[in-house]
Amino acid sequence: MSMTVKAAVLPETGSTPRIAEITLPEPGPGQVRVRLDAAGVCHSDLSLAAGKLAQPVPAVLGHEGVGRVVATGPGVDKVTVGTQVVFNWAPACRECWFCEHGEPYLCTRALEPSQRGYATLTEDGSTVFPSLGTGAFAEETIVGANAVVPLPEGLEAHTAALLGCALLTGVGAVRNSAQVGTGESVAVLGLGGVGLATLQGARLAGAAPIIAVDIAAEKEALARRLGATHFLTASDNLSKEIRRLTEGRGVDHAFEVVGSAKTIRQSWSMTRRGGTTTVVGAGAGDDMVTLSALEIFHMARTLRGCMYGSCDPDRDIPMLAQHVRTGAVDLDALVTHEIALDEVPAAFERMREGQGVRSLIRFT
């Protein structure tokens, strides 16, 4: 039986999401229908809406969600009706070369409709696409059973939405991608939800010093609360200021969590010789970074990308949940605005202006 629900639908690239009713079909083989408890508004949603990242339209955006399974299709045994789940927007096939070589976050089939359990949503008979195969900005959605992870016990069901993107990506960048060691110095550029999760990952790793950087000076108190030992407001002299705090060398690890050529270049310049710059932010395809052949040779730095925190959600979500339960990671601190579904456009505007951290849509 089909189901009509409310969703924030992006009519076309560059437009503003609007609330509309969409009709969900019954979950097909390997699919589940999930009733959302909450969904985080991620900067990637803004990039998808603006066309910086490819997204068919019209679309229901949203990929950072938590909810409860209300129906299952044939062949589903991972979860049952009533299971609380966190979304995994890049489910691994477990069969391709990357999956078999320990890199499920690079799965070649993760974006395939067949792998994601792609659900067709209809509005007045026209197709509406679920963003990143999840479409979390809706009261209910249909996803592949491989795109959900059972919510570990002992977590608050709303802020747990952030486990599925912000926390996996930020902590994973430190733990899995860069493999930061105790006593190594870290700089984090960009203090949105993922950036603040990266700070917490650096603190968990025992990094020191941990230097937080953002355009908004009002984020300093929160950054220090979550692990920063120093705070700098973004400027053209950022590299010199970082070197002043690191005995002239630069940091062992710089994490760029903005997604722009300018801040990638700044992150590279503030990294010490032999250090590592990790790009966590998702930038535009035509935003080019320029490095000279001589400095690449002379500085002996490593510049690496970070896809989804180099994580395996089935493995890493339970690990992160344990850190949340013990208080070692603070999810609540990442949520600065709790909003209703129709407030998504305002949340987008705050992100454009660099205000706040995570907006969390509450459905219940």
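Below, the figures for the structure above:
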{"item": "Listing of strands (runs of 3 or more DSSP E) fully contained in region 271-342 that carry 1 or more residues being open to solvent by less than 40 Å² (accessible area, probe 1.4 Å)", "result": "271-279, 335-339"}
{"item": "Those residues of region 21-33 which are open to solvent by 20 Å² or more (accessible area, probe 1.4 Å) and assigned to a loop (DSSP other than H, G, I, E, B), in sequence order", "result": "Pro25, Glu26, Pro29, Gly30"}
{"item": "Any hit, region 4-20, residues being part of a strand (DSSP E or B), surrounded by fewer than 21 Cβ atoms within 10 Å (Cβ to Cβ) and in contact with a helix residue (DSSP H, G or I) (Cβ under 7 Å, 6 or more places away or on another chain)", "result": "yes"}
{"item": "Residue that is least open to solvent (accessible area, probe 1.4 Å), among those in region 78-90 that are of a type outside the set (A, V, I, L, M) and without any contact (Cβ under 8 Å) to a residue 60 or more places away in the chain", "result": "Gly82"}
{"item": "Breaking point among (1) open to solvent by less than 10 Å² (accessible area, probe 1.4 Å); (2) out of contact with any Cys (no Cβ under 8 Å at 6 or more places or on another chain); (3) within 20 Å of Leu46 (Cβ to Cβ), for Ala166", "result": "(2)"}
{"item": "Hey, Arg350 within 21 Å of Pro152 (Cβ to Cβ), open to solvent by 30 Å² or more (accessible area, probe 1.4 Å), charged (D, E, K, R) and not in a loop (DSSP other than H, G, I, E, B) or not", "result": "no"}
{"item": "Restricting region 40-62 to residues that are part of a loop (DSSP other than H, G, I, E, B), of a type in the set (Gly, Ala, Ser) and touching a residue at least 12 places away in the same chain (Cβ under 8 Å), the residue that is least open to solvent (accessible area, probe 1.4 Å)", "result": "Gly62"}
{"item": "Single residue of Ala136, Ala119 found to be at pLDDT 95 or above and under 19 Å from Pro56 (Cβ atoms)", "result": "Ala136"}
{"item": "Test result for Leu111, open to solvent by 20 Å² or more (accessible area, probe 1.4 Å) and in a loop (DSSP other than H, G, I, E, B)", "result": "yes"}
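Table: residues versus (1) closer than 23 Å to Ala197 by Cβ; (2) in contact (Cβ under 8 Å) with a residue 12 or more places away in the chain; (3) not basic (Lys, Arg).
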residue	(1), (2), (3)
Lys6	no, yes, no
Val32	no, yes, yes
Ala38	yes, yes, yes
Glu64	yes, yes, yes
Gly73	no, yes, yes
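Residues are listed down the side, and each one gets a yes or a no for (1) closer than 30 Å to Ala208 by Cβ; (2) of a type in the set (Ser, Thr, Tyr); (3) open to solvent by 40 Å² or more (accessible area, probe 1.4 Å):
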| position | (1), (2), (3) |
| --- | --- |
| Glu100 | no, no, yes |
| Pro104 | no, no, no |
| Thr127 | no, yes, yes |
| Ala145 | no, no, no |
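The values are calculated or read from the model by the stated rules, or taken from the named source; none is laboratory data. Keep in mind that what you see is a predicted model, and the values were worked out from it rather than measured. We place every Cβ from the backbone using ideal geometry, glycine too, and count neighbours over all the protein chains shown. Surface areas here come from the heavy atoms of the whole protein model, side chains and all, with no ligands, DNA or RNA. Shrake-Rupley method; radii C 1.70, N 1.55, O 1.52, S 1.80 Å.
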